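K.L.:
Structure in structure tokens, see below.
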Amino acid sequence: MKIALIGYGKMGKMIEKIALERGHEIVSIIDIGNQEDFDSDAFASADVAIEFTSPQAAYGNYLKAWEQGVKVVSGSTGWMAEHGEEVRRLCSDGGRTLFWASNFSIGVAIFAAVNRYLAKIMNQFPQYDVEMEETHHIHKLDHPSGTAITLAEDIVSAIDRKETWGEDTTDPKVLRVDHIRRGEVPGIHTVRYDSDADLITITHDAHSRKGFALGAVLAAEYTASHDGLLTISDMFKF
């Protein structure tokens, strides 16, 4: 498979390494200094572009890739509030393809499934309050993380006593989501159910970016033969 990379930071380099190990070809690498390469024949030859950039650049990158007829796999977060509806429309009515995930780690996909299941159980036990915490490296621009938002939305949808999620809140109807930015932490997500009697905690602690990069390449392999707006739940049937 021919893959283009959009964004060539630490994640982009790790994705390149894993893609090559899996027998794929990197036909184009686009970063801040060579945006004109979106119009190149090399980029247009890609089966899928894998995009990891910033909240500010992601949507524009999707449009540029789609103009060249290239499907996109993206792990960029922070753009959904402003551009989510338009991206959904372009994928459903405009024939575009985007596989988007707030986190491509296989472990996080499993953790998210456990989180959904546990939330359904805990809806029956109002003596437990629930809160979340996420920790990432100091370079991460958005907060809370896209993964934390996804986990929080799953909890809110399952637990009747929570109406929404928010940061720095003491409102019992709001799921509190705290964020910490420290060192070079790849990502830690923790969900806690606390009562007077005991504490139930589930945590996913990423050791490195390797799990995210492998998941992104697996998503590209899946996207090459699928269309529309795709998510982790399409690829992994838990």
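K.L.:
For residues that are outside any helix (DSSP H, G or I) and at pLDDT 95 or above, scanning just region 221-234, find the one that is surrounded by the most Cβ atoms within 10 Å (Cβ to Cβ).
P.N.:
LEU230
K.L.:
Every residue in region 1-42 that is in a helix (DSSP H, G or I) and either under 21 Å from HIS226 (Cβ atoms) or basic (Lys, Arg) (or both), please.
P.N.:
LYS10, LYS13, ILE15, LYS17, ILE18, ALA19
K.L.:
Among the residues that make up region 147-164, is at least one of them modelled with pLDDT of 95 or more, in contact with a helix residue (DSSP H, G or I) (Cβ under 9 Å, 6 or more places away or on another chain), farther than 20 Å from VAL114 by Cβ and not in a loop (DSSP other than H, G, I, E, B)?
P.N.:
Yes.
K.L.:
Okay, moving on. List the residue pairs whose Cβ atoms are under 7 Å apart, where the first residue sits in region 137-158 and is more than 18 Å from GLY84 (Cβ to Cβ), the second is open to solvent by 30 Å² or more (accessible area, probe 1.4 Å) and assigned to a helix (DSSP H, G or I), and the two are 6 or more positions apart or on different chains.
P.N.:
That search, which allows pairs on different chains as well, returns ALA158/ARG116; ALA158/LYS120.
K.L.:
Would a scan of region 47-60 turn up a residue that is surrounded by fewer than 16 Cβ atoms within 10 Å (Cβ to Cβ), assigned to a helix (DSSP H, G or I) and not β-branched (Val, Ile, Thr)?
P.N.:
The answer is yes; a qualifying residue exists.
K.L.:
Ok, one more. Can you name every residue in region 61-73 that is in a loop (DSSP other than H, G, I, E, B) and open to solvent by less than 30 Å² (accessible area, probe 1.4 Å)?
P.N.:
VAL70 - this is the single residue of region 61-73 that is in a loop (DSSP other than H, G, I, E, B) and open to solvent by less than 30 Å² (accessible area, probe 1.4 Å).
K.L.:
Mind listing whichever residues of region 174-184 are assigned to a strand (DSSP E or B) and open to solvent by 30 Å² or more (accessible area, probe 1.4 Å)?
P.N.:
Of everything in region 174-184, those that are assigned to a strand (DSSP E or B) and open to solvent by 30 Å² or more (accessible area, probe 1.4 Å) turn out to be ARG176, ASP178, HIS179, ILE180, ARG181.
K.L.:
Would you say THR77 is of a type in the set (S, T, N, Q), touching an Asp or Glu at 6+ places or on another chain (Cβ under 7 Å), open to solvent by 10 Å² or more (accessible area, probe 1.4 Å) and under 24 Å from ALA19 (Cα atoms)?
P.N.:
Yes.
K.L.:
Kindly indicate which of LYS237, LYS210 is farther than 30 Å from PRO126 by Cβ, open to solvent by 40 Å² or more (accessible area, probe 1.4 Å), under 15 Å from the mean Cα position of the chain (by Cα) and not hydrophobic (A, V, I, L, M, F, W, C).
P.N.:
Working: LYS237 fails: under 15 Å from the mean Cα position of the chain (by Cα).
Exactly one residue qualifies, and that residue is LYS210.
K.L.:
Spot the failing condition for GLY187; the list is (1) modelled with pLDDT of 95 or more; (2) of a type outside the set (Lys, Arg); (3) open to solvent by less than 20 Å² (accessible area, probe 1.4 Å), and only one is missed.
P.N.:
Evaluating GLY187 over (1) modelled with pLDDT of 95 or more; (2) of a type outside the set (Lys, Arg); (3) open to solvent by less than 20 Å² (accessible area, probe 1.4 Å) leaves (1) as the failure.
K.L.:
Could I ask something else about it? If I go through region 83-128 residue by residue, how many of them are within 19 Å of THR150 (Cα to Cα) and either touching a residue at least 60 places away in the same chain (Cβ under 8 Å) or not in a helix (DSSP H, G or I) (or both)?
P.N.:
23
K.L.:
Next question, about the same structure. Is there a residue being within 19 Å of LYS10 (Cβ to Cβ), in contact with a strand residue (DSSP E or B) (Cβ under 9 Å, 6 or more places away or on another chain), part of a loop (DSSP other than H, G, I, E, B) and not aliphatic (A, V, I, L, M) anywhere in region 201-220?
P.N.:
no
The values are calculated or read from the model by the stated rules, or taken from the named source; none is laboratory data. Note that the coordinates shown come from a computational prediction; the quantities given were computed from them, not determined experimentally. When we count neighbours, we look across all protein chains shown, and the Cβ atoms used for this are built from the backbone with ideal geometry, even at glycine. When the accessible area is computed, the model is the full protein with side chains, heavy atoms only, and any ligands, DNA or RNA have been set aside. Shrake-Rupley method; radii C 1.70, N 1.55, O 1.52, S 1.80 Å.
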